[in-house]
1. Cut-off under 29 Å on the C-alpha distance; same-chain residues fewer than 8 positions from residue 118 excluded. Which lysines are left, in chain and number order?
2. So, by mean Cβ neighbours within 10 angstrom, what's the order for 149-159, 42-52 with the highest one leading?
3. Using a cut-off of 9 Å between beta-carbons, work out the net charge of the residues near residue 131 (Lys and Arg +1, Asp and Glu -1, residue 131 not included).
4. With a ≥ b ≥ c taken as the square roots of the eigenvalues of the C-alpha gyration tensor of segment 50-157, please select rounded if a/c is under 1.5 and otherwise prolate if a/b is larger than b/c or oblate if it is not?
5. Below 14 angstrom from the Cβ of residue 107, what's the summed charge of the other residues (Lys, Arg +1; Asp, Glu -1)?
Amino acid sequence: MNPAHRLPTVNFRSKTSPVVLLVALGLLATGCGGGSKSYKAGTPAATGQAPDCSVVPVDLVNRTLKRDLTGPVAGQRVSGVTCTYPAAKSAGGGVADQVQLTSNADKASMDIVRKGLKQANNPVNTIKGYGDEAFASTVYGYATINNFAVRKGKVSVLIISTADYKEIRALMKEVLAKL
């Protein structure tokens with residue numbers, strides 16, 4: 001082989017810096033830093049089994065959303081439950097507040113909701129500081145409907161309400177604490 005076509009030789013130090021070694025060991029111990037958080041065994045976030053509407057009682061919803069609602073009316077879905085809270089003084093019209101609890105949630109299942117909102121031309125904002133991933137979107141129509149979705153471990157929570165985001169965030173924190 002022609003010496004002009006070879007790359008120059010580079011001499012590497014044979015000793016590994018203690019700092020580099022500690023960082024490498026720390027990354028290995030935490031699964032290289034890219035995995036999901038671990039959750040207490042037996043909790044919904046760890047098992048992937050969404051709880052029922054008892055984790056979102058109407059008094060909690062009324063207090064955090066600053067509403068006068070009834071319910072919850074539980075609606076079973078293949079992947080979980082929808083808890084609907086109709087207005088206490090409604091003639092059947094209007095928008096009911098909902099909390100959807102989904103089992104075996106993952107990034108792909110969250111993307112379905114996110115993409116659905118985007119396809120309907122609703123801006124979706126990533127929210128930091130809630131669970132493993134979170135986003136929010138406001139849908140404008142005959143009523144302004146705020147959507148706030150969070151995945152905590154293997155369970156997701158989607159709150160759909162006409163309440164302000166400040167109140168929705170308060171409810172979300174309470175629900176996530178029970179997962």
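1. Reachable lysines: 37, 66, 107, 128, 152, 154, 166, 173.
2. Details: 149-159: 24.9, 42-52: 16.4.
The most tightly packed comes first, giving 149-159, 42-52.
3. Neighbourhood net charge equals +1.
4. oblate
5. Its environment carries a net charge of +2.
No value in this document is a laboratory result; all are computed from the given coordinates. Predicted model only: the values in this text are computed from it and were never measured. For neighbour counting, all protein chains shown are included, and Cβ atoms are generated from backbone atoms with ideal geometry for every residue, glycine included.
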